[in-house]
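This report refers to the structure that appears directly beneath it.
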Amino acid sequence: MGSNGKYRVKKRFFVLFLVAGYVVISFGQQFSKINSIDKEINDYLQEKKALAQEQKTLENEISLLQNKSYIERIAREDLGLIKPGETLLVPGEEGDIREAKSLDALSDNIH
């Protein structure tokens, strides 16, 4: 009976050890999954923040493009367009002299 009792204790200890090991491994795996999901959530939140900022920028740009005075300023500054009757003055470099051409001469070259 003495050796049989030792066998039961060893068997119970072994089973308890296996169960405890399984629980520790399961918790470790779950902890790893939770960390991975948390990282993924943080990545998505950062992406959401960046997209919200981009959306705000695009909405501001749309608002500007619906403003006639902004469109006129862009047409004048970037495209060099002028209103009828206006004269476009382009500053040159010192010592850089260019021959002026009339609009009529330019229109003759347009087909």
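Each reported figure results from applying straightforward, stated rules to the coordinates on display, with no laboratory input. What you see is a predicted model, and the numbers here were worked out from it, not measured in a lab. Glycine gets a Cβ as well: all are built from the backbone with ideal geometry, and neighbour counts include every protein chain shown.
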The exposure ranking of 59, 93, fewest beta-carbon neighbours within 10 Å first, is 93, 59
Residue by residue through the stretch 70-82, the couplings from Karplus 6.51 cos²θ - 1.76 cosθ + 1.60 with θ = phi - 60°, in Hz, x for Gly and Pro, are 5, 4, 4, 4, 5, 4, 6, 6, 8, 9, x, 6, 10
The summed charge of the residue 46 Cβ neighbourhood (under 15 Å; Lys/Arg +1, Asp/Glu -1) stands at -2
Proxy exposure order for 76, 8 (fewest C-beta within 10 Å first) is 8, 76
For residue 68, counting only lysines whose alpha-carbon sits under 27 Å away and dropping same-chain residues fewer than eight positions off, the answer is 56, 83
The ³J(HN,Hα) series, computed from each phi in the stretch 49-66 with the Karplus coefficients 6.51, -1.76 and 1.60 at θ = phi - 60°, rounded to the nearest Hz and given as x for glycine or proline, is 4, 5, 5, 5, 5, 5, 4, 4, 4, 5, 5, 5, 5, 4, 4, 5, 6, 8
